[in-house]
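Structure below; questions to follow.
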Amino acid sequence: MERRTITSEISTVFEFDYSVQAEDMRSLYEKAKRDQWNASRDIPWDTPEPSDGRTLADELVDIHGSPIWDKMSEADRVELNRRITAWRLSVLVYGEQGALLACSQLVDVVTGTDEKFFQATQVVDEARHNEVLERYIQHRLGGLHYPMPENEKVLFDVILGDSRWYIKTIALQLVAETFAVAMFKMMHECAHDPLLGEVCRRILQDESRHMGFGMLSLPGVIKEASDAERREMEDFTCLALEKVLSGFFPIDAYRDLGFSPAQIAEVQTYRRDVAARNDYAVFRKYFKRDMHTSMVQNLARIGLLTERVRPRLAALGIQLPDVA
Ligand SMILES: [Fe+2]
Ligand SMILES: [Fe+2]
């Protein structure tokens, strides 16, 4: 059984004042308690499988509409569709495990009772997301997992290895969860299997609260940071963004379907060409709209859309408004 051990040194803060100190944070905690759901009870696991075997709309397959796609048999198209879903869900299920671990550390390191209470709910939420995605993979995709991408490992090694709560929160609640929300929204809107759509819808209900934690907790620490600390936060935001935005090409899915290295290179060229023409079909349309817009808005709200950060976002292909 493969496992990954990450060494970290964290300081546990024990609070003695349990009165309400941060009302907004306490009400986020109240919402979390009110909106709990149960993956065993609330997901319609008996939903019939689509008769054509697809899980996502074909438009979400990178090569949809290309000459390579046109030459493929119906059976291969279905198989590629399912493998790409398995690849994306694998990335997400590792992300949920990483989030579960990071939030359990946050319960320890964060100061303030309201913050600790809220993080305790996020631990449960992330465990449920880990559980529900795994159940979907078992239920519909025969338990098919792909290995954790290198970029994702690097990102979570940093999140889990750093002792400071705001570094964890910048990477998790600000960057990784903005990415995850865009991904789940896209999969919700483009699910061919209604069961997958429902799993994504349920996860999304929780994710907006998690992003809320970052929005409530980060502005204060950013405002009070020294210049050196702010620079570190800016650099770390850009590093986390770079990790989530690059390297997410499901090469293994193509390989497993018997694509040769030359054919995979053709797929990647096709993908790049379409991206350069800026009509990267559905994936770009949905994903760019949600991920880029909310990332820029959130960075502006917490005070990190600085002159140092703006050009680096632009270099990552994130469109910026003219003024900060
Ligand atoms: Fe999650
Ligand atoms: Fe989350």
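Give me the number: length gained by fully extending R312 to K223, i.e. 0.36 nm times residue separation minus the C-alpha to C-alpha distance, one decimal in nm. Don't skip to the answer; put the middle values down first.
Working: separation 89, 0.36 × 89 = 32.04 nm, distance 2.11 nm.
Full extension of this stretch gives 29.9 nm more.
Gap in Å between the Cα centre of region 34-97 and the Cα centre of region 100-174?
Region 100-174 and region 34-97 have Cα centres spaced 22 Å from each other.
How large is the Kirkwood hydrodynamic radius of the chain, in angstrom, based on all distinct alpha carbon pairs?
On the way: mean 1/r = 0.0481 Å⁻¹.
When all Cα pairs of the chain are included, the Kirkwood radius is 20.8 Å.
Here is a follow-up. Count the net charge of all other residues whose Cβ sits under 11 Å from the Cβ of H139, scoring Lys and Arg as +1 and Asp and Glu as -1. Mind dumping the intermediate values first?
Working: positive: R135, R140; negative: D46, E49, E134, D193.
Net of charged neighbours comes to -2.
Taking 0.36 nm per residue of separation and subtracting the Cα-Cα distance, what length does fully extending T111 through V20 add? Display every interim value, and only then the final one.
On the way: separation 91, 0.36 × 91 = 32.76 nm, distance 1.31 nm.
The T111-V20 span can extend by a further 31.5 nm.
Given a 1.4 Å probe, how much area per residue of region 22-147 is accessible, in Å²? If you can, show how the numbers build up before the last one.
On the way: 5040 Å² over 126 residues.
Per residue, region 22-147 has an accessible area of 40 Å².
Note the angle between two axes, namely the Cα long axis of helix 261-276 and the longest principal axis of the Cα atoms of the chain, as a number of degrees from 0 to 90, rounded to the nearest 10.
60
While we're here: Only Cα pairs under 8 Å and at least 6 apart count here; give the relative contact order of the chain as a rounded whole percent.
On the way: 356 pairs, mean separation 76.4, N = 324.
Over the chain, the number comes to 24 percent.
Applying a 10 Å radius around every beta-carbon, put 119-125, 268-274, 44-50 in order of their mean neighbour count, most first.
Details: 119-125: 21.1, 268-274: 14.3, 44-50: 11.9.
Answer by packing, highest mean first, reads 119-125, 268-274, 44-50.
Then there is this: Per residue, how many Å² of accessible area does region 151-258 show with a 1.4 Å probe?
Numbers: 3580 Å² over 108 residues.
Value for region 151-258: 33 Å² per residue.
Using helices alone, what [θ] at 222 nm do you get for the chain, with -39,500 (n - 2.57) per DSSP H run of 4 or more residues, divided over all residues and rounded to the nearest 500?
Numbers: 14 runs with 208 residues, N = 324.
So the helix-based figure for the chain works out to -21000 deg cm²/dmol.
Further, regarding this structure: Take I264 and L320, extend 7 Å from each Cα along the Cα→Cβ direction, and tell me the distance between the two endpoints in nm.
My value for the distance between the label points is 3.5 nm.
Give, as ranges by residue number, the residues of region 163-199 whose backbone N falls under 15 Å from the point 7 Å along Cα→Cβ of I10.
Answer for this model: 163-173.
Of G53, S104, L144, which is farthest on the positive side of the dipole of region 32-150, counting Cα position, with +1 on Lys and Arg Cβ, -1 on Asp and Glu Cβ, and the Cα centre as origin?
Farthest towards the positive end: S104.
So which lysines pass the test for K168, namely a Cα distance under 28 Å, with those fewer than 8 places away in the same chain ruled out?
Excluding near neighbours in sequence, the set is K31, K33, K116, K153, K185, K223, K243, K288.
The values are calculated or read from the model by the stated rules, or taken from the named source; none is laboratory data. Model, not experiment: these values are computed from the prediction. Cβ: placed from backbone, ideal geometry, glycine included. Neighbour counts: every protein chain shown. Areas reflect the complete protein model, heavy atoms only, side chains present, ligands, DNA and RNA absent. Shrake-Rupley method; radii C 1.70, N 1.55, O 1.52, S 1.80 Å.
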